[in-house]
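Read through the structure below, which is laid out as structure tokens, and then see the notes.
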Amino acid sequence: MGRFIVFVSILAIAFVSSACKAERGRFGFTTADNQELSPLEKKFFAPQRFKTPSRTPVFEREDVIWYAYTPHSANPGAYYGISLQKKSLGFQEIDLRNHTLQPGQSALIDSYRNLEEGEYKLKIALANKIIDEVDFIVVGASGEDAIDFEKDEPELISALPDNR
């Protein structure tokens, strides 16, 4: 009898964990800037190619970050809640949006710009239940504020106050 209870418990845990995973969809990211487009073109602009990350994606601060989220089972007309959270003594929500999938549309597509450096979490909710999430990182520009100590050392030393 004890073995049967253990077996049923393991089977229930496996079923619950597979049911939770079944709702997950697929995230894709790309960067594209639409600032040069006319207002009408901006309204209809959306990148066409997104890359599914195999690791935590890293973007530069000046990137316009586009995401596409394809739900496992799309619910056209339903409201999906999109929460962007930034890590600062835990994750704090900094942006909340609602999107719907129109009939014939398979993905939620949107963008973020001017994000500060740090760690972020993008969460997707349906019917007030989080169904998926992904982490990404925003860093400063690679050439920004970089110091070449071999080249800049005399300038740095001359900039120090004279403590003699």
Peptides 68-74, 113-119 ordered by average Cβ neighbours within 10 Å, highest first: 68-74, 113-119
Rounded if a/c under 1.5, otherwise prolate or oblate - region 44-83, Cα gyration tensor axes: prolate
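Once R0 is set to 25 Å, what does the formula 1/(1 + (r/R0)^6) return for the Cβ-Cβ distance between SER88 and ASP110, expressed as a FRET efficiency to the nearest 0.05?
On the way: r = 22 Å, r/R0 = 0.90.
So, using R0 = 25 Å, E works out to roughly 0.65.
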For region 25-142, the Rg and Dmax computed from alpha carbons only, in angstrom: 14.3, 42
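The numbers here are math on the coordinates, done by the rules we state, and not lab data. Just so you know, these numbers come straight off a predicted model, no measurement behind them. Glycine gets a Cβ as well: all are built from the backbone with ideal geometry, and neighbour counts include every protein chain shown.
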